[in-house]
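What follows is a short report on a single structure.
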Amino acid sequence: MTATTPSGDVLGTGVQGSLPDGATPVARSASGGPSGPSGSKAPSTFRRTMARREARIGLLFALPAFLLFLAFRFGPAIAGVGLSFFDYTIGDTATWTGLDNFERMVNDPIFWSAMRVTLILSVLIVPLSLAISTFMALLVRRSFRGSGFYRSVFFLPVVTSLVLAATVFTWVFSTGGPWSQLMGLIGLSTDSWLGSTTLVLPALALVSIWSRFGYGMLILLARMQDLPRELEEAAALDGANAWHRFWHIIMPQLKPTLFFLAVIETTASFQIFDLVYTMTGGGPARASYSLVYQIYDQGFKYFDLGYASTLGVALFIITIVVALVQRRLIGRDK
Amino acid sequence: MTMPKKHVVTAIAAIASLGALTACSGGGTTGSSTPVPSDGAASGSVTMWTYPVIADEAAHKKFWDEQIAEFTAENPDVDVKVEIYPWAGRDETLATGIAGGKGPDVVYLIPDQLPKYAKSLAAVDNYITDNTGDLRENAAKSVSIDGAMMGAPLIMNSKPLVCNAAAFDAIGESGNYPATWDDLMTLAPKFKDAGYDVTNYWGAVDATLNESFYPLLWQAGGSVFSEDGTEVAFDSPEGIEALQFVTDLAEGGFVEKDLLTTIPAFEQTRTAQGKIACTWQQGPGDVASFWGEENTVVLPSLKEAESIGYGTVGSLALMKKAENLDAAGKWLAFATRPEASAEYAKAAGWFTPYTSQTGLYGDDATMAALEATLDATTSGDLNEKSREVMGILAPEIQAALIGQKTPEQAMKDAAAAANPLLG
Amino acid sequence: MTTLATPGTPGHPGTAAGTTSPTDLTPTVRRKRSKNSGMDLTLRGKIVRYVVLSLAAVVTIFPFYAMVVLSLKPAAAIQFPQSLIPTNLGFAAYERVLGAGNIWTWFGNTLIYSVVSVVLVLAFSAMAGYAFAKKKFPGREAMFWSFLAMVMVPYHVTLIPTFILMAQVGGLDTYWGLILPTLANAQAVFLMRQFIMDMPDELFEAAKLDGASEWRIFTRIVLPLCKPILATLGTFVFLWHWNDFLWPLIMGQGTDHWTLTVGIASLQQQDVPLNMILAGATISFVPIFAAYLVAQRYFQEGVTMSGIKG
């Protein structure tokens, strides 16, 4: 790609430099640690005492949150990871079984099919949802009569519970429901998408995108509104058409934000549960049986907490790996 | 002040895992598994969890308040508390409760749940000896694991065949109700031509097979597990025959398609709209308000090799770790005595597992007919892995129904996946 | 930088303003004329935009419309599209849902759960955010990044260990047991850190030189400056707690400690008519919706910045 990100403050507006902070929290923090206090060089004992005092105060301020995390996040998470080395069923004692659960997982065809479903689902959701979010953000980014209304409307699904959305959409997708009739109108089969092994994931992806695109749209909107107009105007005067202006000017500047969104959307798509639970129960014929669903089944239906934890560890690792890959692909220059 | 990062992390890990492991061992297997009631009066507090078995919340509360009052009059030192939990998330609530050592003392369970919780339950045989004299044999069997009763049957229901007289009138076959699979298959095309489904089949994978596929399996003469429970038996010729039967229904377009994969709200289904001839998956109580009382006909379960249907038994189970086991056991026995059972069953629209308590609904012919089918029911084999097996089998059945696999292949694949679990 | 430097890329003829070369114009002139530059939509463009937006809005709103209309209809089979016409409406389903005795207790519990959590999450995350952003102390980086990694641990894996912990310390059936574990909020700490990092250090240095204590600096300088982010974060935390179901369900062992979501679920039989499900959904949605209308901006920013939805 020839049009790289304009590196900083081309037009001397002073806006650019402060841009990434608010709009792209993850992208920014990913670039490194917090900036330390001022770089003044005064190697005196006073300086050192001050530093020690600062450290003590810092610890004190972080302490309440740290204790809460220790008790309610790390503890349970480590217990969860620890359980993956045990054979533990509710009501029974836990016995150490080493890597048995992991061996079972690798040889479990249901695990691999759940993995496949999970990955397909996010491949369907993430790019499309980013594209729709970007498109809608472009449409409403300028103020015009009604722009506020549209923004609010598009954001409404984000504040709605997924269980509620799933209930309504089960009906929307039923045979004879709105979606099936729409398909009939354009000459396609009127069979329910939820009953087809190939169309069930697209159906779930559509609902998921419906419930989340407003979120991506707003993040992108926040970023777009910070972009200097001048660059685009200059390009417009140079005769670049809308698509060119978008692809070569806006898009490069959105990259960090898109990376942030991609990570968030991927993590979210990996953990979609309520939708599948309410709409398909993992069916038909396990075509929408995702990894979280398997974790749920093993843990709460079969009470096999050891194995459920093993699957949880697998999901955790995949999430991290995908986030790192995405960072390499999209977020490199930020 | 310079504690290396590594040490901090290690320390955290150590503390956390220690806490986790001591906590995990909380579900130990101490205590007698077949407790014997004491002679004296029991004392202490007892907590029972139940679910909205009686739809009317106020009536449900009132029932238990009255029972508690009566029980406390006899056992003044026992403090009973009944909590009515939502159906939603009931296994999550109970499982976490037990895992954390904070479960109930007595809980309402159905046979399907019993094997899963068996390790945490105490057998109730010795507490309910006064009640079991006229307990139906199949009800007793449905709560028994290895010869011990893990729950005290409280209420019972039956899912025989229920037909819609209006549908039969509409195709000019008034009163010609099916008794066998063949009868049903013969009628199917006639109904289809007139815009009716001959029956329904709830195939969504999270719907229990107990009410959908297993009755057919039993009717064909098959069973889910082998005699000793060490392997599955659904891949027998009988099992394949049963699956072939449903597959034929699905492929012929004789059942509502959406139900094969999703669970819509009931009133949205063709079943509720009266566009169906017969069902073994809804009771008369479910359909009468849609079809009209006069059109709701209760019949014996369909027959291939034998006529048998699914029977649910709601039971009260005793937690092994109940703080006041004796008090809990006595309360459980009191709450499931035939008179209480009859009253509870009637309020819930169910029946009792006791032969002494029949004719609950007076002249109501439908209910009487339903009650008459109670003995021709089973709740299937109680196997510790029955849910896992269901979780494996249901998607394979679905695959056959939507034409992805042949019934033979589906059963073969399901058995191959399920057998290693049982071993 | 090709597009910027090359006027009129071949194959893409210039737009309305394309006749003028950019070098001819001073920045001032360009800015003045920007109202009429090639970026503004033609009338046709505007119409197309309205059409596309309105279509998207209809698709977005449709499920909400369906929810409300169908919840007001009698429990009968839905015919599409006839059933969506708002006739024959009634509140029967609502009466059944709201008729339950405990609804106000549940409402109160939900308020306590949500409001107390919001206040405490804001307090703790602001303090930690300040420390992570502006103080150097050993283990800071490790601590911070391990906070964040916790977001990726699947919920169902930690649920039981957390419950066991709370059960052992006697937190079941208590407000503190319900609230405490939900206060460890990585996203909140993260956002506060981001926000405070952008504050100039000189602010604090000056106050320090004046002899202000750290606590004073925090409460008098940091917190007031954090108002916008506190508002957005607060709405987000509120939303999450308001919609939460599973945690209140397993922690509140008794109807007295249930929240609205749990309570409404408990009223439902296994075969609930769709209109009752939707009525229950609408009831728990209405307060959120009202709050959304009032504090739209905060809602949008809150959810946007925190990265998960409730």
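The values are calculated or read from the model by the stated rules, or taken from the named source; none is laboratory data. Remember, predicted model here, so these are calculated numbers, not experimental data. In this analysis, Cβ positions are derived from the backbone assuming ideal geometry, glycine residues included, and neighbour counts consider all displayed protein chains.
Only residues that are surrounded by fewer than 22 Cβ atoms within 10 Å (Cβ to Cβ) and either in contact with a strand residue (DSSP E or B) (Cβ under 7 Å, 6 or more places away or on another chain) or on the phi < 0 side of the Ramachandran plot (or both) were counted across segment C:160-171, and they come to 3. Evaluation of C:Gly263 against the conditions (1) modelled with pLDDT under 80; (2) within 20 Å of C:Tyr155 (Cβ to Cβ); (3) assigned to a helix (DSSP H, G or I) shows that the sole unmet condition is (2).
So, of the residues in segment C:48-69 that are more than 8 Å from chain A (Cβ to nearest Cβ) and over 23 Å from the mean Cα position of the chain (by Cα), which turns out to be surrounded by the most Cβ atoms within 10 Å (Cβ to Cβ)?
Here the answer is C:Val69.
Taking the listed residues B:Leu260, B:Leu316, the one that is within 21 Å of B:Val53 (Cα to Cα), buried (at least 19 other Cβ atoms within 10 Å of the Cβ) and hydrophobic (A, V, I, L, M, F, W, C) is B:Leu316, with no other qualifying.
Every listed requirement among (1) in contact (Cβ under 8 Å) with a residue 12 or more places away in the chain; (2) within 27 Å of A:Thr160 (Cβ to Cβ); (3) of a type outside the set (Asp, Glu) is met by A:Ser309 save one, (2). Are any residues in segment C:92-146 of a type in the set (Lys, Arg) and under 29 Å from A:Phe69 (Cα atoms), and if so, which ones? Within segment C:92-146, C:Lys134, C:Lys135, C:Lys136, C:Arg140 meet the criteria. Taking segment A:237-266 as the range and being among the acidic types (Asp, Glu) and modelled with pLDDT under 85 as the test, only A:Asp238 passes.
Against the test of being among the aliphatic types (A, V, I, L, M) and closer than 30 Å to C:Pro161 by Cα, the options B:Ala118, B:Ala55, B:Ala148 yield a single qualifying residue, B:Ala118. Within segment A:113-129, one or more residues are more than 30 Å from C:Ala167 (Cα to Cα) and basic (Lys, Arg).
With a requirement of 2 or more residues that are more than 14 Å from chain A (Cβ to nearest Cβ) and touching a residue at least 60 places away in the same chain (Cβ under 8 Å), the helices (runs of 4 or more DSSP H) lying completely within segment C:90-151 that satisfy it span C:92-98, C:103-134. All of (1) within 14 Å of chain A (Cβ to nearest Cβ); (2) of a type outside the set (Asp, Glu); (3) in contact with a Leu (Cβ under 8 Å, 6 or more places away or on another chain) hold for C:Gln79 with one exception: (3). Evaluating C:Gly170 against the criteria (1) without any contact (Cβ under 8 Å) to a residue 24 or more places away in the chain; (2) within 14 Å of chain B (Cβ to nearest Cβ); (3) in a helix (DSSP H, G or I) leaves one unmet condition, (3).
Residues in segment B:364-395 that are closer than 19 Å to B:Thr262 by Cα and in contact with a Leu (Cβ under 9 Å, 6 or more places away or on another chain): B:Met390, B:Ile392, B:Leu393, B:Ala394. Selection over segment A:267-301 of residues that are modelled with pLDDT under 85, assigned to a loop (DSSP other than H, G, I, E, B) and within 11 Å of chain B (Cβ to nearest Cβ) gives a count of 2.
Conditions tested, residue by residue: (1) hydrophobic (A, V, I, L, M, F, W, C); (2) over 20 Å from the mean Cα position of the chain (by Cα); (3) within 14 Å of chain A (Cβ to nearest Cβ).
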{"site": "B:Lys192", "(1), (2), (3)": "no, yes, no"}
{"site": "B:Phe225", "(1), (2), (3)": "yes, no, no"}
{"site": "B:Asp235", "(1), (2), (3)": "no, yes, no"}
{"site": "B:Asp248", "(1), (2), (3)": "no, yes, no"}
{"site": "B:Glu251", "(1), (2), (3)": "no, yes, yes"}
{"site": "B:Lys275", "(1), (2), (3)": "no, yes, yes"}
{"site": "B:Trp280", "(1), (2), (3)": "yes, no, no"}
{"site": "B:Gly283", "(1), (2), (3)": "no, no, no"}
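On the given criteria, is B:Ala59 more than 14 Å from every other protein chain (Cβ to nearest Cβ) and surrounded by fewer than 16 Cβ atoms within 10 Å (Cβ to Cβ)? Answer is no for this residue.
In the set C:Leu293, C:Leu230, C:Leu225, only one residue is surrounded by fewer than 18 Cβ atoms within 10 Å (Cβ to Cβ) and modelled with pLDDT of 80 or more; that residue is C:Leu225. Determine whether C:Gly211 is in contact (Cβ under 8 Å) with a residue 60 or more places away in the chain and among the small types (Gly, Ala, Ser). Considered against the rule, which asks whether it is in contact (Cβ under 8 Å) with a residue 60 or more places away in the chain and among the small types (Gly, Ala, Ser), C:Gly211 comes out as no.
Residues considered: A:Leu254, A:Leu237, A:Leu221, A:Leu231. Of these, the only one that is buried (at least 20 other Cβ atoms within 10 Å of the Cβ) and under 26 Å from C:Ile61 (Cβ atoms) is A:Leu221. The residues on offer are A:Ser192, A:Ser208, A:Ser196, and the sole one that is more than 10 Å from chain C (Cβ to nearest Cβ), of a type outside the set (A, V, I, L, M, F, W, C) and surrounded by fewer than 22 Cβ atoms within 10 Å (Cβ to Cβ) is A:Ser196.
Candidates in segment B:62-91 are the residues that are facing chain C (nearest Cβ under 7 Å) and in contact with a Gly (Cβ under 9 Å, 6 or more places away or on another chain); of these, the one that is surrounded by the fewest Cβ atoms within 10 Å (Cβ to Cβ) is B:Glu83. The set of residues from segment B:275-297 being crowded, with 21+ Cβ neighbours inside 10 Å, assigned to a strand (DSSP E or B) and of a type in the set (A, V, I, L, M) comprises just one member, B:Ile276. Out of all the residues in segment B:369-385, is one or more crowded, with 19+ Cβ neighbours inside 10 Å and within 14 Å of chain A (Cβ to nearest Cβ)? There is at least one residue in segment B:369-385 that is crowded, with 19+ Cβ neighbours inside 10 Å and within 14 Å of chain A (Cβ to nearest Cβ). Could you tell me whether any residue of segment C:183-195 is facing another protein chain (nearest Cβ under 9 Å), touching an Asp or Glu at 6+ places or on another chain (Cβ under 7 Å), more than 16 Å from A:Leu60 (Cβ to Cβ) and not aromatic (Phe, Trp, Tyr)? Yes, there is a match, as at least one residue in segment C:183-195 is facing another protein chain (nearest Cβ under 9 Å), touching an Asp or Glu at 6+ places or on another chain (Cβ under 7 Å), more than 16 Å from A:Leu60 (Cβ to Cβ) and not aromatic (Phe, Trp, Tyr).
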